[in-house]
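First up is the structure itself, then whatever we jot down about it.
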Amino acid sequence: MYRRISFCLVASVVAAAVGSATVTIPEPESAVAACGSANQNCGLDTTKTAVLDVSHLDGAVAVEPTSTTSWDIVATWSPVYVTGLDCNDHTETASVDVSWSGSAWTLSNKSTTTNIVDIQVCALSTCDTVDDHSSQYRLYVDVTDPVIVGRVRHLQQVAFSTTSESDGKQLNTSTCTLGLSTLSPDSASYSAVDSGSFECSYDCTQTGAAVTITY
């Protein structure tokens, strides 16, 4: 009887050991893919630049917004893969309103975060034959990279999405005059994602994602 009990105990210990060994099997490729990778080294510059080019069109005709378009800007950072450590993302959300003042694109209600440190805008196209008009602008965003949240995480993408859009009027770019009819956007939301490469220089010459707001 004693021997049988001992044999059963040994068998149970071996089975438990085999069962626990399955827990330590390396994570599948899908888990590895969830992690990110480091971006270019910018030396003493601790930020990268994300960009969105915005165009307003009615078919092939330019449209000038008559009021404000509101944007949410969501940055995502991910760690590199290290066995036994998490691949969880860190995200932060900034927001800003964009409008045409009659002479320049302007920002209002700018809300930045700990690591989305600044937002700026510049015109991509203008005309001034009669009055100043424009239908295209570039949003460029200064984002800390890398960040340390638990461990080092690298910027993977910056997503831009509208929370409200402006009505607009057709812009004749040859005569630089506006049409009389007010147009409404086709959709309740527009979005695009800048997934890199993220530039070191923070100015209007950088490039990234693009979106067209249609009417």
In segment 64-108, anything hydrophobic (A, V, I, L, M, F, W, C), outside any strand (DSSP E or B) and in contact with a Pro (Cβ under 8 Å, 6 or more places away or on another chain) is listed as 85, 87
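In a strand (DSSP E or B), of a type in the set (Lys, Arg), in contact with a strand residue (DSSP E or B) (Cβ under 6 Å, 6 or more places away or on another chain) and buried (at least 18 other Cβ atoms within 10 Å of the Cβ): does that describe residue 169?
The answer is yes for residue 169.
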Conditions (1) touching a Gly at 6+ places or on another chain (Cβ under 9 Å); (2) at positive phi -> residue 65 fails only (2)
One residue is enough: does segment 126-135 have a residue meeting the conditions within 23 Å of residue 46 (Cβ to Cβ) and modelled with pLDDT of 95 or more? no
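Answer yes if at least one residue in segment 129-141 is within 30 Å of residue 196 (Cβ to Cβ), loosely packed, with under 13 Cβ neighbours inside 10 Å, in contact with a strand residue (DSSP E or B) (Cβ under 7 Å, 6 or more places away or on another chain) and not charged (D, E, K, R), and no otherwise.
Looking through segment 129-141, none of the residues is within 30 Å of residue 196 (Cβ to Cβ), loosely packed, with under 13 Cβ neighbours inside 10 Å, in contact with a strand residue (DSSP E or B) (Cβ under 7 Å, 6 or more places away or on another chain) and not charged (D, E, K, R).
When you scan segment 178-215, how many residues do you find that are aromatic (Phe, Trp, Tyr) and either loosely packed, with under 15 Cβ neighbours inside 10 Å or over 15 Å from the mean Cα position of the chain (by Cα) (or both)?
Result for segment 178-215: 2.
The values are calculated or read from the model by the stated rules, or taken from the named source; none is laboratory data. For clarity, every value in this text was computed on a predicted model and none was experimentally measured. Positions of Cβ are generated from backbone atoms using ideal geometry, with glycine treated the same way; all protein chains shown enter the neighbour counts.
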